[in-house]
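Everything below concerns the one structure shown next.
Every read-out reported here was derived from the displayed coordinates using simple, explicitly stated rules and does not represent laboratory data. Bear in mind the structure is a predicted one, so any value in this text is a computation, not a measurement. Here the Cβ positions follow ideal geometry from the backbone for every residue, glycine too, while neighbour counts run over all protein chains shown.
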Amino acid sequence: MNGIKQGLLVAAAAAALIIVAFGTYFLFAHPSLISVVTFFSVVPVFLIVGLGFFRIARNRN
């Protein structure tokens, strides 16, 4: 059961970091005010969540 929880944490972290990548892509591919606002409001949250999930999964033994 522990391996399933760790796998789900890694999958959630990967999904959060993919959202960060999409936000960064739209910031540079379609520069506008809405992409800048979206980047600075969405990306930090999902970056913290994604890296936090990776940290929890790594510490879970």
Hits in the range 9-21 - residues which are surrounded by fewer than 13 Cβ atoms within 10 Å (Cβ to Cβ) and of a type outside the set (Gly, Ala, Ser):
18
Do you know which of the residues in the range 27-61 that are part of a helix (DSSP H, G or I) and small (Gly, Ala, Ser) is surrounded by the most Cβ atoms within 10 Å (Cβ to Cβ)?
50
Condition first: within 12 Å of the chain's Cα centre (by Cα) and not small (Gly, Ala, Ser). Now tell me which residues in the range 1-38 satisfy that.
9, 10, 17, 18, 19, 20, 22, 24
